[in-house]
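These notes concern the structure reproduced below.
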């Protein structure tokens, strides 16, 4: 079971949820409002239809509360927990109109976030026993970054920088524009705020050595072969952290990890994670769920 930090503060993602609700509900759910009166009450469950790593429980709670402030949301698991197919994530009781209006939006968030955490956990499991950490990138869905990266952590992965503002990453275009690896690193070392780590993308052992000599803190090895990665590890693996990246697949990640690199960053954790199947099922045990005239 993975452990997660506390869920991101609601202020960091509620604007996204509010936008999603307004996009879906608009002026009102004409189907639910036509069938059910305002007093109708329903009990439902959020159910895993496949094995998954949970992520997004608090977002789902907020979604149902937004449509029914008096809803009762009973959490039956926590983020980072591994659930088997058929397990329930939560039980919800409240306004039938509100619950059914919130259903699709809540499931959209859960299916994506559980999908990322579950997909990440598969990569983490694949490199178990090596020293390699599985790391995310900035290839997130626009507006979703704080949630996407939280889901990676729930799956056992590690967050890379959140944006351009919290870490120096000198990539190939920076190097080309600066006139060389050493010049780019020295300029960054002189111009960046104290405390910021400087990571450099390198394309050869010569570039890597130049980056280390100029004061780099980490090296990024993009689209290198397994033999090439082994050579970097042999030459520099005890001197500086090495991060492999570039088109990493689940079938290839173990071989990359066994080269001895310290980190493997994977854009697919967030840009290509398959959504998992989470459903909402009615669990009524009374006759309070009447329609108009019931």
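The values are calculated or read from the model by the stated rules, or taken from the named source; none is laboratory data. Here the structure is a predicted model, which is why all the values come from computation and not from measurement. In this analysis, Cβ positions are derived from the backbone assuming ideal geometry, glycine residues included, and neighbour counts consider all displayed protein chains.
Across the stretch 7-24, the number of residues qualifying as touching a residue at least 60 places away in the same chain (Cβ under 8 Å), touching a helix residue (DSSP H, G or I) at 6+ places or on another chain (Cβ under 7 Å) and under 13 Å from residue 144 (Cα atoms) comes to 5.
Looking across the stretch 147-165, the residues that are out of contact with any strand residue (DSSP E or B) (no Cβ under 9 Å at 6 or more places or on another chain) and either surrounded by fewer than 17 Cβ atoms within 10 Å (Cβ to Cβ) or not assigned by TED's automatic domain parsing to the domain that holds residue 233 (or both) come down to 162, 163, 164, 165.
Let's see how each residue does on (1) in the same structural domain as residue 251 (by TED's automatic domain parsing); (2) surrounded by 20 or more Cβ atoms within 10 Å (Cβ to Cβ); (3) assigned to a loop (DSSP other than H, G, I, E, B):
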site: 38; (1), (2), (3): no, no, yes
site: 50; (1), (2), (3): no, no, yes
site: 63; (1), (2), (3): no, yes, no
site: 69; (1), (2), (3): no, no, yes
site: 105; (1), (2), (3): no, yes, no
site: 108; (1), (2), (3): no, no, no
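If only one of 188, 216, 121, 178 is crowded, with 20+ Cβ neighbours inside 10 Å and in contact with a helix residue (DSSP H, G or I) (Cβ under 6 Å, 6 or more places away or on another chain), which one is it?
None of the other options fit; the residue is 216.
Comparison of 137, 118 shows that the only residue that is under 12 Å from residue 269 (Cα atoms), in contact with a strand residue (DSSP E or B) (Cβ under 6 Å, 6 or more places away or on another chain) and outside the structural domain of residue 43 (by TED's automatic domain parsing) is 137. Checking 113, 46 one by one, the residue that is outside the structural domain of residue 140 (by TED's automatic domain parsing), closer than 21 Å to residue 274 by Cα, outside any helix (DSSP H, G or I) and touching a residue at least 24 places away in the same chain (Cβ under 8 Å) is 46 and no other.
Let's see how each residue does on (1) at pLDDT 95 or above; (2) more than 27 Å from residue 229 (Cα to Cα):
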site	(1), (2)
145	yes, yes
155	yes, no
177	yes, no
190	no, yes
202	yes, no
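Each row is one residue, and each column tells you yes or no for (1) at pLDDT 95 or above; (2) within 16 Å of residue 133 (Cβ to Cβ); (3) surrounded by 15 or more Cβ atoms within 10 Å (Cβ to Cβ); (4) outside the structural domain of residue 150 (by TED's automatic domain parsing).
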site: 198; (1), (2), (3), (4): yes, no, yes, no
site: 209; (1), (2), (3), (4): yes, no, yes, no
site: 229; (1), (2), (3), (4): yes, yes, yes, no
site: 238; (1), (2), (3), (4): yes, no, no, no
site: 242; (1), (2), (3), (4): yes, yes, yes, no
site: 263; (1), (2), (3), (4): yes, yes, yes, no
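The condition (being in contact with a strand residue (DSSP E or B) (Cβ under 6 Å, 6 or more places away or on another chain) and either part of a helix (DSSP H, G or I) or more than 21 Å from residue 138 (Cβ to Cβ) (or both)) is satisfied by just one residue among 211, 182, 216: 211.
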